[in-house]
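Enquirer: One structure is given below, represented as structure tokens, and several questions about it will come after.
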Amino acid sequence: MRVTIRGSGVAGLCVAAELAGRGHSITVTDPAGGPGAQSCSWWAGGMLAPDCEGFSAEEPVFRLGRAAADWWQAQGAEVHREGTLVVTLGRDRRELDIFARRTANHRWLDREGIASAEPQLAGRFDRALLMTKEAHLDPRAALLSLRDRLAARGVRFTTEATPADRVVDCTGLAASEALSDLRGVKGEMVVLRAPGVHLKRPVRLLHPRFPLYVVPRGDGVFMLGATQIESAERGRATVRSVMELLSAAYALDPAFAEAELAEIGADARPAFPDHLPRLTEAGGVLYVNGLFRHGFLLAPAMARMAAAVLDGQEKPELWHDHRA
């Protein structure tokens, strides 16, 4: 079957990988010609953290997300399986207890355990949760690597529409005219170059006002994120959000004060009212959308579901009947 996939973000590339693996002829169309800053997945944190997401997300998110690390590794991505460290400042200790009760696959670390796991944080915290089955990757490196891998397998990338037997739309908010209840949720990120900071796993700082996650990208580079604003605005990070991210990073470790501010980014992530992704069909097009902030975590599962639909199997669990 000839399949055209619209969009070369994380959803589009994952669908292309699944369909190509089943022998379909795939063309990926994107005005930019490939993955890049035009897609919100370019600005992702890259945390494959289903158990942390279990704190607030719906059950399918952490259940389906538990297969993501294996999927990405099978596609040749460099996946780091060091888990996630979750900490709180002293005044917010209760937040960590609540987090522990509502999540799974973790173990408690005392002051010595923290110093052993992350020497950079030695003496700063007296207890933490280590989410033992989580992983992370560099989103941009993973996208570019997957694109090259697909091209080597014969997947065609183009900027123009192309004839096809079926069309799969993975364009995020660009599909909002066809998907009336799709909305944007803005996320902002900061990239710091901090050669004096050494962390080998993502660290989450729980905070009632501005929670933070810090994701190591290697060579002293760190991505900071966690803002979540009800807005479809793209490309503009606010001073308030950036200051909150930087303040939280400084609270986590004052060594970040000497970091170089390498990049500030923002984009709007596509979400449905229930914050779950959907597959739906409208006008003969199969839409894969609504990944919200779970792009790298849930795109592999959504891609498998999309491939099953195109192969004529039963409708998957996240199927949503379209309403005009």
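None of the figures in this text is laboratory data; all of them are computed from the coordinates on show. Note that the structure is a prediction, hence the values are computed from the model and not measured. For neighbour counting, all protein chains shown are included, and Cβ atoms are generated from backbone atoms with ideal geometry for every residue, glycine included.
Enquirer: Grab the other residues whose beta carbon is less than 11 angstrom from that of Gly36, score K and R as +1, D and E as -1, and report the net.
Expert: +1
Enquirer: I've got another one for you. Relative contact order for segment 92-147: what is it in percent, counting Cα pairs under 8 Å that are at least 6 residues apart? Walk me through the numbers before you get to the answer.
Expert: Details: 44 pairs, mean separation 18.4, N = 56.
Contact order relative to length: 33 percent.
Enquirer: In degrees, nearest 10, range 0 to 90: what is the angle between the Cα axis of helix 139-152 and the longest Cα principal axis of the chain?
Expert: Here the helix axis deviates by roughly 30 degrees.
Enquirer: So, one more: Taking square-rooted eigenvalues a ≥ b ≥ c of the alpha carbon gyration tensor, is segment 117-189 rounded, prolate or oblate, where a/c under 1.5 means rounded and, failing that, a/b exceeding b/c means prolate?
Expert: oblate
Enquirer: Gaussian network model of the chain, Cα springs within a sub-10 Å range: biggest mean-square fluctuation belongs to which of Pro277, Pro254, Pro208?
Expert: Pro208
Enquirer: Okay, next question. Could you work out which residue, out of Tyr213, Tyr287, Tyr250, moves most in a Gaussian network model of the chain, that is, has the largest mean-square fluctuation with Cα springs under 10 Å?
Expert: Result for the chain, Cα springs under 10 Å: Tyr250 fluctuates most.
Enquirer: So, one more: If a/c stays under 1.5 just call it rounded; otherwise compare a/b with b/c (prolate if a/b is bigger, oblate if not). Do that for the chain, with a ≥ b ≥ c from the square roots of the Cα gyration tensor eigenvalues.
Expert: Values: a/c = 1.87, a/b = 1.80, b/c = 1.04.
Verdict is prolate for the chain.
Enquirer: Quick check on the chain: of the DSSP beta bridges with both residues there, what percent are antiparallel, nearest 5%?
Expert: Taking every DSSP beta bridge with both residues in the chain, the antiparallel ones total about 65 percent.
Enquirer: For segment 176-324, what is the convex hull (Cα atoms) projected area averaged across all directions, in square nanometres?
Expert: On the way: hull surface 42.0 nm².
One quarter of the hull surface, i.e. the mean projection, equals 10.5 nm².
Enquirer: Could you list the chymotrypsin sites (Phe, Trp or Tyr not before Pro) in segment 38-109 that lie in coil according to DSSP, counting only those with at most 11 other Cβ atoms within 10 Å of their Cβ?
Expert: Passing both the DSSP loop test and the Cβ count: no residue.
Enquirer: Mind checking the angle between helix 10-21 and the chain's longest principal axis? C-alpha axes, 0 to 90 degrees, to the nearest 10.
Expert: Between helix and principal axis, roughly 50 degrees.
Enquirer: If you don't mind, there's one more thing I want to ask. Once the cut-off is 26 Å, how many percent of the Cα-Cα pairs in segment 1-146 end up in the long-distance tail? Can you show the working numbers first?
Expert: Working: 4077 of 10585 pairs.
The share of Cα pairs beyond 26 Å in segment 1-146 comes to 39 percent.
Enquirer: Looking at segment 216-304, I'd like the Rg to Rh ratio, where Rg is from alpha-carbon atoms and Rh is Kirkwood's inverse mean 1/r.
Expert: In segment 216-304, Rg relative to Rh is 1.08.
Enquirer: For Ile264, Ile98, Ile5, what's the fewest-to-most ordering of other Cβ within 10 Å of each Cβ?
Expert: Ranked by crowding around the Cβ, least crowded first: Ile98, Ile264, Ile5.
Enquirer: Another question about this same structure. How charged is the neighbourhood of Ala194? Take every other residue with its Cβ under 10 Å from the Cβ of Ala194, and add Lys/Arg as +1 and Asp/Glu as -1. Please list the in-between numbers first.
Expert: Numbers: positive: Arg193; negative: Asp253, Glu258, Glu260.
Taking every Cβ under 10 Å from that of Ala194, the sum is -2.
Enquirer: Where is the GNM fluctuation largest for the chain (alpha-carbon springs, 10 angstrom cutoff): Gly290, Gly33, Gly265?
Expert: Looking only at Gly290, Gly33, Gly265, the biggest GNM fluctuation is shown by Gly33.
Enquirer: Lys and Arg at +1, Asp and Glu at -1: add these up for the other residues within a Cβ distance under 9 Å of Thr84 and post the number.
Expert: Around Thr84, the charge tally is -1.
Enquirer: How high is the relative contact order of the chain, in percent, with contacts defined as C-alpha pairs under 8 Å that are six or more residues apart?
Expert: 24 percent
Enquirer: Same structure again: Cα axis of helix 295-310 to longest principal axis of the chain: angle in degrees, 0 to 90, nearest 10?
Expert: 20 degrees
Enquirer: Under 25 Å from the Cα of Lys133, which lysines turn up, not counting those fewer than eight places away in the same chain?
Expert: Within the straight-line cut-off, Lys133 pairs with Lys200.
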